[in-house]
Each structure stands twice: as C-alpha cells, then as structure tokens.
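Readers should treat all values here as calculations from the given coordinates under stated rules, not as data from a laboratory. Everything numeric in this text was worked out from a predicted model, so none of it was measured. Positions of Cβ are generated from backbone atoms using ideal geometry, with glycine treated the same way; all protein chains shown enter the neighbour counts.
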Amino acid sequence: MIYDFLLKLTGSEIAAGFIQSLLPLFVFILPFALFAVLLERKVSAHMQDRLGPMRTGYHGILQTVADIIKLVQKEDIVPTNSDKPLFNIAPVLVFTGSYAAFAAIPFSSAFIGSNIDLGLFFIVAVSGLVVAGILMAGWASNNKYTLLGAMRSAAQVISYEIPTMLVILTIVMMTGTLNLTTLSELQTGYFWNWMILGGPVAGLVKLAFIPSMFIGFVIIYISTLAEVNRTPFDIPEAESELVSGYHTEYSGMKFAMFFLAEYANMFAVSAIVAAVFFGGYQSPIGYLGNTLDILWLIPIEQFFWFTFKGVFFVFVQMWLRWTLPRLRVDQLMALCWKYLIPIAFVNLLIVGLITVL
Amino acid sequence: MKEYFNNIWLGLFTVFVGMKVTFKHLFTRSVTIQYPDVKLQLPERERNRLYVNMDDCIGCDQCARACPVNCISIETVKSLPTEDLGKTSNGKKKALWVTKFNIDFAKCCYCQLCVYPCPTECIYMTDVFEFSEFEREKLDYSFTTLTPEEIEEKKSNFAAAEAEKAAQKLAAAAAAAKKAEEQKAADNKTSGDKPEDKKE
C-alpha cells in the first residue's frame, strides 16, 4: 500500500523502493533505539530503586540524544594489530543483519517492507548474518576478550536457532504459511483468535492447542532472548568477565552501530514473537476505525498495536535482565540441548498429531 | 525423569518469583538523593571547613599552637593605648590587631583540636564541605578583616609608637646620664677624696 502510494508520488519504481526500504530505519529503528536505550536505563534504575538519568531534560529524556552526540564526536580508534578491513566491515555487517530482518516484519496491514512468502524463514536466515558479523568483529579485533566473546556468541546463537526454528515449524504446521502478513491476517478479530490461545479454529481442537502454544511461546521467548545476547544469556558480552565481549575494541560510531543493531535485534525478535503468537498487528479488542467508519485509521491503529506488543516484549526482556543472573556456558548449553530442543520436538509432535486428527 | 520435570518446574517457577520481586521494586520509591539539589542532613558533630569569626578573635594564638599540622598562621600587632578595639561577644577586651589569620585547608586534618582552646569560641567547624579548588594556593583561606592598607597603617602606627617610646627612653636615658654626669661632676668637686662612698 505504501509502495503503491510512493510509486504514484515519485513515478519511479527505484525511488519508491528505495524510500520504502529506508522508512523502517528512519521512522522506526532510530527513534525506537533512542527510546529503548532510555527505557532500558530507566527500567534498570527503578528496578534497583534508583532514579537513572535525571539531569538531561525532564527526568533525563534527552539522555540518549546526548549519548548519540557524544558517540558521534568520539575518535574512531582502529587498533594497530587488528585486521583492518574486517574490523571496519564487521559493525556494518551486524547492523545489516538486524536491519534486513525488518524488511519482512509487518508493521501494519498497510506497511510491510517486502511481503514475501518465506517471511519467517527469511528473518531467521538473515539473522544468521549477525553471527558472522560478531565473529568477524571479535576475531579482527585481535584481542583475547573479543575473540572469546565472539566464539561464545557463535556457539550460543547457532544452538539457540534450533529451538526457535522448531517452534516456528510448529506454527507453520498449524497454519500452513510462512508469510507473516497471512499469519497476522489469520489471527484477526479478537484476542481469542491469537495463536497463543489456539488460533482461529473453533471447538475442542482449540482447547487442545492451548497448552502446546504456551509451551511453544515460552521456548521461543527463551531462545530468541539467547539469540539477541541479552541477560541471562549475555555471556558473549559478559562485562564482568570479558570487559564487553566482541565490541571491546570499538569506539565512536562503530560502537554505536553495534548498539543500534542490538536494540534493533531486540525489537525484531519481539516482533516475531508478537507476530507469531500474539496476533501481529491485530488489535485484541477491535478497531476504533471500524466502529467510527474511518477506514484510514485502521492501519494507524494496527501500527500502534504492533509497536505496543513489540515494546512490551522488549520491556519483558529488560525485566528479565534485572531479575536473572547470567548463566554459565555449560548451563547455557544444557538449557538448550537438554531442555528446550527435546521439549520443542515433543511439542512439534503433539501439534502435528492434533493437526492430522 | 522426575528430576528432569522437577527442574523445569523449578526453573520456570523461580523465574516468575524473581520477576515478581523486581516488578515490585519497579514501583517502590527510589532511595536516590539528587545530591547537588538535595542534601542529606549532616550529623550534629560533623567536622568540616573551619570558620573564624574575626569580631570575636583576640589574636591569642592558642589555636595555631594547638594545631598538629601547623595549618593556622597568625600574626598580630599590638594596638596603641589610645585605640579602642572593642569587646568580644563574651566580654573580653581585645588588645591586638590581627593582621594575618590564615588557615591552609590543604593541610588541615579536620581534627577540631583548634576549637577547644579558643577562649572566645570564635573558631569553629561549619557544615561546608564542598570547597575543592583547581589550585592549591586557593585553599589557603585568609580570615583577617583588615585591608592590606590598614595592616600597613597598624604596623607603621605600632612602629612609630615603638620608635617614639624608644626615643623617649633614649632621651630619658640621655637625660638621666646627663644628670648623673652632672651629679658626678658636682660630687667630684665636693668630695673628690671619697670615691668609695659613691660606690655604695
């Protein structure tokens, strides 16, 4: 819809596509990162009975702007013994990975970067680029901490992709689609049509689906948390053991890119969870636009609901960060291989049986 | 197998317990004190920067002598008998011009030993503790109320008085010597043969 509008406006397919691909970055990711960094600091502060930033603007609302200005001004230091080309490419690659995921995320029925049939698969696949970027950053820095962090990150992200994929497979078995827009449209109506509550089917089958869906949700939430390297799975950047992991040697704008990628990733995985289990951009309680008969209001409401769900899951990620201590490497692997993957498999089988029956 | 499911249950359950605790803390009042805007009440007997009330100081130098690190330096000039320096608040008469009363807070160890001997209780601890400086010299606080010109004046006054006194003394001595000389001469004239008596 936005693409058609832009095409009419500019009259050129290239310009329209270009503007559309830049929209999520400037309209969404940058403001979201600004907001999320402040939210993170405020949430962490208040959970520890502190106040957090208070002196830049009212209750510190301009803190992240000040941070960005500071980061832009900083000297761009490249270590002498680093592998310079790889060192310089790595942050771009990490950011590309997390930015590309936004192409397939349906913000509302009127705006989806690219409505591809393999949406979910594309997001999971393109997130793999982040691992390559992190490993590149860690290795090129020529520093033992960064390398350790990068190795841990690679091990962690690759093993936690399996439970994520298994849960997504469960959903695909139920719905028969990987297209995120179709998936969201399936869960239209009210909140009882959401996947977490058994999906849009009716009757006894729906009840049978609910436990499996809850298990699936918990698994995908835990494993996506691990994929974006957040506490309690933050061993790649464990500041108390590895300084700050793979981005120890980075400064200025390159560091800011890692930072931006991390927050973009946080939202991307939250968006996947929201889109798969919580109805995507669908409102839980119906639309104001429908009742008032203003049709153009609906996409805006959908955008609001999608952002709300995404930000809520980001908030839960922060909440968990200040609740749980960091896992050891062996505990991390045990959780993935001994608990999440077997349970995800059993869950997959159960859902498959119910679907067949 | 039982342990396995028990682990899962325990893991999930304890996560929710922890989340409940942190969620509660999200809404408890924070304990932060916004320091430069809000300050804690200091304890009653806190020891911070010293202050000298020069209206009460009699320049007795007791505090400087009590100081274990010699951070107080006092110089005084005696006042003229004609000058009235007033009284301290507890009725003691002031007799000295305090031309220098410097406390070097870079040296001060905040022991409060100078406060006890002060006879007029004019040196005491305040609640000021934020007085850091970029240059060490700026920590050498001067408390004297006299301007440099006044100090010069008092010094010269005193010196003049001293000189006058010395001159008077000299004159008196000279007069006495003269008198004695005259006496001697007169004595010699009258009783030149009895020098022993003079000695006595």
- Item | With Cα atoms, 0 to 90° folded angle of helix B:148-190 axis to chain B main axis | 30
- Please report, for the Cα atoms of segment B:50-148, the Rg to one decimal and the Dmax as a whole number; what are they, in angstrom? 13.8, 45
- Residue of A:P211, A:P85, A:P200 that the Gaussian network model of chain A assigns the largest fluctuation, springs spanning Cα pairs under 10 Å: A:P85
- Message: Students often get this wrong, so check it: of A:K70/B:K39; B:K92/B:K165; A:K338/B:K20; B:K78/B:K165; B:K78/B:K107; B:K93/B:K155, which have C-alpha atoms separated by over 23 Å?
- Response: A:K70/B:K39; B:K92/B:K165; A:K338/B:K20; B:K78/B:K107
- Message: 7 Å from Cα along Cα→Cβ at both A:R328 and A:T355: what's the point-to-point distance in nm?
- Response: 3.9
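Gain in length, A:S251 to A:I69, computed as 0.36 nm per residue apart minus the alpha-carbon separation, to one decimal in nm?
Answer, rounded to one decimal: 64.2 nm.
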- Item | Estimated FRET transfer efficiency when R0 is 35 angstrom, pair A:I294-A:I116 (beta carbons, to 0.05) | 0.70
- Query: If the viscosity is 1.567 mPa s and the temperature 4 °C, what translational diffusion coefficient in µm²/s does Stokes-Einstein give for segment B:1-68 when Rh comes from Kirkwood over Cα pairs?
  - Reply: 68
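Determine Rg/Rh for the protein assembly as shown; Rg is computed over alpha-carbon atoms and Rh is the Kirkwood hydrodynamic estimate from the same atoms.
My calculation puts Rg/Rh at 1.36.
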- Can you pull the Kirkwood radius for segment A:74-356, inverse mean 1/r over Cα pairs, to one decimal in Å? 19.6
- Placing each pseudo-label 7 Å from Cα in the direction of the beta carbon, B:A176 and A:L207 end up separated by a distance in nanometres of 12.9
- What's the long-distance tail for segment A:142-211, i.e. % of Cα pairs beyond 18 Å? 54
- Which part of segment B:98-115 falls in the paramagnetic zone of B:F131, meaning amide N under 19 Å from the point 7 Å along Cα-to-beta-carbon? B:99-115
- Task: Average the reciprocal distances over every distinct pair of alpha-carbons in segment A:108-161, invert the result, and give the Kirkwood radius in Å.
- Result: 12.8
- Message: Hydropathy at least -0.5 by Kyte-Doolittle, axial extent at least 30 angstrom from the Cα trace: which helices of chain A, defined as entire DSSP H runs, fit?
- Response: A:119-140, A:144-175, A:204-227, A:252-277, A:297-321
- Dimensionless Rg/Rh of chain B - Kirkwood Rh, Rg from C-alpha atoms: 1.49
- Message: I'd like the mean, over residues of B:19-32, of how many other protein chain beta carbons sit within 10 Å of each residue's own Cβ.
- Response: 5
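Plugging the Kirkwood radius over Cα pairs into Stokes-Einstein for segment A:24-65, at a temperature of 10 °C and a viscosity of 1.306 mPa s, what D comes out in µm²/s?
Reported coefficient: 149 µm²/s.
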- Message: Give the residue list of GluC sites (Glu not before Pro) in segment B:92-149 that are DSSP loop and have at most 12 other beta-carbon atoms within 10 angstrom.
- Response: B:E130, B:E133, B:E135
- Which of B:D56, B:D140, B:D84 fluctuates most in a GNM of chain B (C-alpha springs under 10 Å)? That residue is B:D84
- Query: How high is the FRET efficiency from A:A15 to A:E239, r the C-beta distance, R0 41 Å, rounded to 0.05?
  - Reply: 0.40
- Message: If I model a spin label at B:K100 and A:W192 as a point 7 Å from the Cα along the Cα→Cβ vector, what separation in nanometres do I get?
- Response: 9.4
- In whole angstrom, note down how far apart the Cα centers of segment B:55-116 and segment A:245-304 are. 72
- Message: With equal scatterers on the alpha carbons only and no solvent term, can you work out the Debye log10 of I(q)/I(0) for segment B:109-188 at 0.17, 0.20, 0.25 1/Å?
- Response: -0.94, -1.04, -1.15
